[in-house]
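Every number here is computed from the coordinates shown, using simple stated rules; none is lab data. Note that the structure is a prediction, hence the values are computed from the model and not measured. Note that each Cβ is placed from the backbone with ideal geometry, even for glycine, and that neighbours are counted across all protein chains shown.
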Amino acid sequence: MSVLAYREFFVNGEVKKPGAFPYFPGLTVQKAISMAEGFTERASQSRVKIISEKDISHKAREAELNAPVSPGDVVIVEESFF
């Protein structure tokens, strides 16, 4: 059995094109940010969080750029303060 379509994932915060994007297997935080046309000038490249659809608490946790993204997840790029 193959999956016809996956649930979208979301990228918010300091990216050039925030919004919903189609999920594909092997997706990482870095690829997700690239799909959102990259970081803005005010983005903190070290302060990226992810809210996992699978986590029932839905709390944002720190994420590395190579962290996997799942369908329904929300990637949040925070603003740099420097």
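Would you be able to tell me the number of residues in the range 1-23 that are free of Cβ contacts under 8 Å to residues at least 60 places away in the same chain and farther than 12 Å from residue 76 by Cβ?
12
Only residues that are of a type in the set (A, V, I, L, M, F, W, C), touching a helix residue (DSSP H, G or I) at 6+ places or on another chain (Cβ under 7 Å) and free of Cβ contacts under 8 Å to residues at least 40 places away in the same chain: list them for the range 24-82, please.
Answer for the range 24-82, where residues must be of a type in the set (A, V, I, L, M, F, W, C), touching a helix residue (DSSP H, G or I) at 6+ places or on another chain (Cβ under 7 Å) and free of Cβ contacts under 8 Å to residues at least 40 places away in the same chain: 39, 48, 50, 63, 65, 67.
Which strands (runs of 3 or more DSSP E) does the chain wholly contain that include 2 or more residues that are surrounded by 15 or more Cβ atoms within 10 Å (Cβ to Cβ)?
9-13, 43-51, 74-79
For residue 51, indicate whether it is under 15 Å from residue 74 (Cβ atoms) and in contact with a His (Cβ under 9 Å, 6 or more places away or on another chain).
So residue 51 fits the description; yes.
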